[in-house]
Amino acid sequence: MLPTRPSRWFLPLLQLGLAVLVAWLACAGPAAAAVQVLDEAAITVSPATSPPAVPGPVQQLPDLWQQGPDMQVRWYRLTLPPADGDQPLALYVERACTRLQVFVDGRQFWRTGTASACPGPLLLPLPLAGQTEPLVLDLRVEGSPLPHVASRAQAGGLSALRVGPQAELAPLAARATALQVQLPHAFAVSLLLTGGFVFLLGWRHREQSHLAYFGALCVGWALVEVPRWWQALGAGVAVLEFLHGVMLALVTLAAVQFLLREARWRSRSVSRALALQSVLMPVTLVAAGPARLHMLSALWLTLFALEIAAAAAFHLHLRRRMQGRWPGLAAFALASVGAALVVQLAGRYAPLPPAWLHVTALVAPLALLLVALRLVRQHGRALQASEATRVNLEARIRDATAEIERNFRQLTELRVEQVTEKERKRIAADLHDDLGAKLLTIVHTSEDPRISTLAREALEEMRLSVRGLTGKPVPLANALGDWRAELMSRLSQSGIEAEWESPDDLPQTLSARAYVQTTRILRESTSNIIKHSGATRCSFTCGIADGDLQLVIQDNGDGIPMELDGRLDRGHGMTSMKQRAKQMQGQCLVESGPGYGTVIRLTLPLDRATQTTP
């Protein structure tokens, strides 16, 4: 049963599918009934440009040049059998390194290849349909022997040849071309593009330097694995093989650094050692000379393989320590790539079946492509998470800024309130000490009763204002007592019978501002009753209902005249009474009718009134 997470089985299944496909491409062949294999040839070493008159000894094919001077030429002479029927014939050459010329009966009819890279599989049409006599086939191959190249794949030589109907050889050539040329080139181009993109991501985000190293690894691997790209330099085999070795050193540096940094481990000593190694390798290749290129490349490649294997093992160890378990996908990918690289490394210095080399050559680039896609996906998710974190942080900063501004406003208001309170107390003290003393003097010394009465009223109003300025809360029971004493006294002095009804036990308090405003409303109401109502009786009813203080003042006077109907707010102080009640979040309602008296209903929320500041 497959794991539920696609990332756990996608890479293994894809690699397995590729291996099966490539194995089919490598093993499948045409129906060989009419195809003849030519595995013997007379070999002559000669730099001549035309077929030799006397061929050399007959040897077995394939032939790999094991020794000799750099850039030698060998001639291979074979005998083509007579054509069978009228079908077009073709010559299939699986490998000819590095430059190939084909002669039939001494006449050249095909020339291909360069002196810097081996061409892929070749299918050469032979204009021999209907030929009844055997023909002489000469092949001129120009290349370098094994000691002068870094890999057996680039050494001079010729494989066994196949001759037969073109229709039967074409599928074999197509499969071999797809396996040895087209697929490697497609993977290489993909690695170049993907690696360049990943390198730019790592270069732009320096905190993710492992992306830059992986991008360099992909680009370097693509350049190493496609020798035909080096033909554009127009240099000789020795120069190109030297550059090939330098690229391998850089690829090793990128691979080791990626494995270490992707596991979040850095070391300056390792970085310096890898950089020194990248410089030391080309120096040793130059010092040893072209004749020892193959031997030194073998030693360096073995060292590179051991370094990458050690870095991979250390990478898995670090990942296991961070995650608490073995990273199965990473272990499988590294093991697959490692096995493929071992086969490729062995194929550079020992004869292995070509199918093995062609199949394993595709495993590493495929694994690199898949890892690149995974890294890009992880980077995208990291960017999304970073963007979400940034948005969240901005929201939190906005909230914190708003909270700071709100606290600052509250502190400012508190400071203003404190300054205002201090100033109120100062004004209250001045009023009490200066104006109060003078008014009291007038009350006791004035001989004019009217002046004395006005001074006493002014003194009472001043004391009320001073109480409002001091800001001390007033117990509701005390407030009701003060109002009862004052209002009953005023009404009795005016000859109006007064009644007062209120609860006895009232634990609530009134703010100084509420006390002052309510006192003025009651005074204004009493003044209106005395001056305008013509009443003989007045009642005051106080009570608490739903957290509100309710005061009802009712007289038996004449009521409000008809001419003032609809204009109650324009006279008798009604406007100031209602405005004062509104300032305390309460209301003042007036009910009256001619001959029915007047009822004033004052409702004051105690919970708000106790918080009201003067």
| query | Any idea how many residues of segment 90-113 are surrounded by fewer than 15 Cβ atoms within 10 Å (Cβ to Cβ) and either modelled with pLDDT under 80 or not hydrophobic (A, V, I, L, M, F, W, C) (or both)? | reply | 6
| said: Residue under question is residue 370, and the condition is that it be among the hydrophobic types (A, V, I, L, M, F, W, C) and either in contact (Cβ under 8 Å) with a residue 40 or more places away in the chain or buried (at least 17 other Cβ atoms within 10 Å of the Cβ) (or both); does it hold? | reply: yes
| Can you find a residue in segment 380-393 that is touching a helix residue (DSSP H, G or I) at 6+ places or on another chain (Cβ under 6 Å), assigned to a helix (DSSP H, G or I) and farther than 24 Å from residue 219 by Cα? | no
| Hey, does segment 379-401 have a residue that's touching a Leu at 6+ places or on another chain (Cβ under 9 Å) and either surrounded by 10 or more Cβ atoms within 10 Å (Cβ to Cβ) or assigned by TED's automatic domain parsing to the domain that holds residue 274 (or both)? | yes
| message | So, in segment 593-603, how many residues would count as being more than 17 Å from residue 522 (Cβ to Cβ) and surrounded by fewer than 20 Cβ atoms within 10 Å (Cβ to Cβ)? | response | 4
| Residues that are in contact (Cβ under 8 Å) with a residue 40 or more places away in the chain and surrounded by 21 or more Cβ atoms within 10 Å (Cβ to Cβ), drawn from segment 193-209 | 194, 195, 198
| task | Could you tell me which numbered condition residue 575 fails, if it satisfies all but one of (1) at pLDDT 80 or above; (2) buried (at least 17 other Cβ atoms within 10 Å of the Cβ)? | result | (2)
| said: Can you pull out every residue in segment 479-527 that is polar (S, T, N, Q), assigned to a helix (DSSP H, G or I) and crowded, with 18+ Cβ neighbours inside 10 Å? | reply: 517, 518, 519, 525, 526
| request: Take residue 386 and decide whether it is polar (S, T, N, Q) and in contact with a His (Cβ under 9 Å, 6 or more places away or on another chain). | output: no
| task | Among the residues of segment 155-192, count how many are more than 30 Å from residue 375 (Cα to Cα) and in contact (Cβ under 8 Å) with a residue 12 or more places away in the chain. | result | 22
| Does residue 183 satisfy the condition of being modelled with pLDDT of 85 or more and buried (at least 16 other Cβ atoms within 10 Å of the Cβ)? | no
| request: Output the residues belonging to segment 315-361 that are of a type in the set (A, V, I, L, M, F, W, C) and out of contact with any helix residue (DSSP H, G or I) (no Cβ under 7 Å at 6 or more places or on another chain). | output: 318, 322, 335, 339, 342, 346, 350
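The values are calculated or read from the model by the stated rules, or taken from the named source; none is laboratory data. These figures come from a predicted structure and were not determined experimentally. Here the Cβ is made from the backbone with ideal geometry for all residues, glycine too, and neighbour counts use every protein chain on show.
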